[in-house]
Every structure is written in structure tokens, then in C-alpha cells.
Amino acid sequence: MCEEVFEMICAMDRRCVELQVVLQCAPTLAGLKTSNLLIVPKDQEDKVRFVLRHSGLLGYRLVYDRHRVIFLVFNRDKLISYLAKPEVKEFLSSYGYRTDAFGYLLRNFQNRYDSYVHKRDDFPHEMGVFLGYPLCDVVGFIQNGGDGFVLSGYWKVYKNATEAQKLFEKFDIVKDDMVRMVFKGYSLKDIVNTYAKPVISLAV
């Protein structure tokens, strides 16, 4: 994040939902990524749903955590397509997921994440595929206990580091650009429309 953008953020209301969506979900808004987590104060849940309404993205509430609400914000078509890959289905099946319907997948993940938050059960490391991370990196993280990675950025990378680094740089660029747009008063719908171009839509 450049100094200019940092100063803009400092000058804005950090409770501004549009700002938080941009800070936490810019790659997904830009079509560069399948999904992101969004964590906001619980009293802003309805506002999140309102601002996402015309974004082309869905916000699926995963859990209430004390005074916060945690959403999975995702592009439905991209996430369905990714989770339907044979290797991803096989991976999720190994964790007990029912893979014959998208709704079951989301609900199963929600239950496992809720159990982690409220019961301190094991962390659901398969979260990585719901966030659109490459399966090789999700598996690499699990097998290595989070160690042995070749690059750490938006996630820990175990293969194809050069490609991942280029993608991370794009994520940073669109995040800074979107913060500037929020600062200038653009709505989330305006921002999404600006990025709805084939040249930008490079899914993970």
C-alpha cells in the first residue's frame, strides 16, 4: 500500500462498509479472485448485504464471532466451477464433505468454521479452496503445517511462486485503486462496473 492510499484510509471513516469491502475483498470485486472473507462489526451486517446487492457478488454469513460477523464474499459462478473440479471434490470428500450440491458444500464449511470459532475444534484448513486458493497450495499448507512455503502473500504458496507473485501484485494494485475510488465517492456498484472488463477478469 502506497503512502498516498494509506493517508486516504486514515482520513476516511474506518466503519464505512464500502471501504471495508474494498480493503478486504478488492481482488474478488475486480474478478481476479473467486472469493474473500469479510469481517465487519455485527451491527453492519444489513449494510453489507445492501452494498453487495448490486455488486454481482454474494455474501454468505459464516459465523458471528463476539461483536463481529464473518462473511464469505464470492462470485457464485466462479466458486461453483472451482469446487466442481474433480480434484477439489476429491479433496473435500476426504474431509467428509458432501460434494453433490453447492449448498451442501457451503453449509458443511459453515458448520466446521462455526465449530472452530465457538468450540475450538480443529481449524478447517480446507477453507483455502472456498477462498479460491490453488489446491496445490492448500494441500502444501496442510502437509507442511504452514511451513516450507516458497512465498507468503495473500496465502502461503508452495508451487508456481512467480505466477503467484504477479497475481499478488495485481491484488495490491486494484486494492489501492479501489480505495482511491471510495475516497472520491464512488459506490461499490460503480467500482464493480469499472472492473467488469475482459482484460481484468483473470480468475485464480
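Taking K and R as +1 and D and E as -1, what net charge do the other residues with C-beta under 11 Å from the C-beta of VAL157 add up to?
Working: positive: LYS156, LYS159; negative: ASP137, GLU163.
For residues surrounding VAL157, the net value is 0.
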Using just the helices of the chain, give the 222 nm mean residue ellipticity in deg cm²/dmol: DSSP H runs with n ≥ 4 each add -39,500 (n - 2.57), and the total is spread over all residues, rounded to 500.
-16000 deg cm²/dmol
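Counting only protein chains, not ligands or nucleic acids, how are ARG120, ARG98 ordered by accessible area (probe 1.4 Å), most first? Display every interim value, and only then the final one.
Values: ARG120 160, ARG98 120 Å².
Descending accessible area places them as ARG120, ARG98.
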What does the accessible area of CYS10 come to, in Å² to the nearest 10, when a probe of 1.4 Å is used?
90
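Provide the net charge surrounding ARG180, with neighbours chosen by a C-beta distance below 12 Å and charges set as Lys +1, Arg +1, Asp -1, Glu -1. Please report the intermediate quantities before stating the final value.
On the way: positive: LYS175, LYS184; negative: GLU4, GLU7, ASP176, ASP177.
Counting the neighbours of ARG180, the net charge comes to -2.
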The set of residues whose placed amide H lies less than 5 Å from the amide H of GLY31, leaving out same-chain residues fewer than 5 positions away, is none
Rounded to the nearest 20 debye, what is the charge dipole size of the range 116-171 about its Cα centre when +1 sits on each Lys and Arg Cβ and -1 on each Asp and Glu Cβ?
100
How far is helix 135-144 tilted, in degrees, relative to the longest principal axis of the Cα atoms in the chain, given as a value from 0 to 90 rounded to the nearest 10?
70
Percent antiparallel among DSSP beta bridges (both partners in the chain, rounded to 5)
100
For the range 116-193, what is the accessible area per residue in Å² when the probe is 1.4 Å?
54
Any idea what the dipole of the chain comes to, in debye rounded to 20, about its Cα centre with Lys/Arg Cβ at +1 and Asp/Glu Cβ at -1?
540
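Extension gain THR162-LYS189, at 0.36 nm per residue separation less the Cα-Cα distance, in nm? Present the calculation step by step, with values, prior to reporting the outcome.
Working: separation 27, 0.36 × 27 = 9.72 nm, distance 3.22 nm.
Once the chain is fully extended between THR162 and LYS189, it gains 6.5 nm.
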Run the numbers on the chain and let me know its relative contact order in percent, using alpha-carbon pairs under 8 Å that are six or more apart.
28
Karplus-derived HN-Hα couplings along the range 82-94 (A = 6.51, B = -1.76, C = 1.60, θ = phi - 60°), whole Hz, x at Gly and Pro
5, 5, 7, 4, x, 5, 6, 4, 5, 4, 5, 4, 5
Acute angle (nearest 10 degrees) that the helix 17-29 long axis makes with the longest principal axis of the chain, alpha-carbon atoms:
50
Counting only protein heavy atoms and leaving out ligands, DNA and RNA, the solvent-accessible surface of ASP65 at a 1.4 Å probe, in Å² to the nearest 10, equals 30
Long-range amide H partners of ARG68 with built H, under 5 Å:
LYS42
Hey, with R₀ at 41 Å, roughly what FRET efficiency would ASP147 and ASP43 work out to, going by the Cβ-Cβ distance, to 0.05?
0.60
Which listed residue (GLY145, MET181, TRP155) has the Cα farthest towards the positive end of the charge dipole for the range 144-192, taking +1 on Lys and Arg C-beta and -1 on Asp and Glu C-beta about the Cα centre?
MET181
If you rank TYR158, TYR104 by how much accessible surface each has, with a 1.4 Å probe, what is the order from largest down?
TYR104, TYR158
0 to 90° range, to nearest 10: angle between helix 102-119 axis and the chain longest Cα axis
90
(i) 117; (ii) 129; (iii) 107: which one is volume of the Cα convex hull per residue in Å³ as calculated from this entry?
(ii)
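With a ≥ b ≥ c the root eigenvalues of the C-alpha gyration tensor of the range 55-164, is it rounded (a/c under 1.5), prolate (a/b larger than b/c) or oblate?
Working: a/c = 1.43, a/b = 1.25, b/c = 1.14.
Taking the square roots of the gyration eigenvalues as a ≥ b ≥ c, the range 55-164 is rounded.
The values are calculated or read from the model by the stated rules, or taken from the named source; none is laboratory data. Bear in mind the structure is a predicted one, so any value in this text is a computation, not a measurement. Every residue, glycine among them, receives a Cβ derived from its backbone with ideal geometry; neighbour counts consider all protein chains shown. Keep in mind that these areas ignore ligands, DNA and RNA; they rest on the heavy atoms of the full protein, side chains included. Shrake-Rupley method; radii C 1.70, N 1.55, O 1.52, S 1.80 Å.
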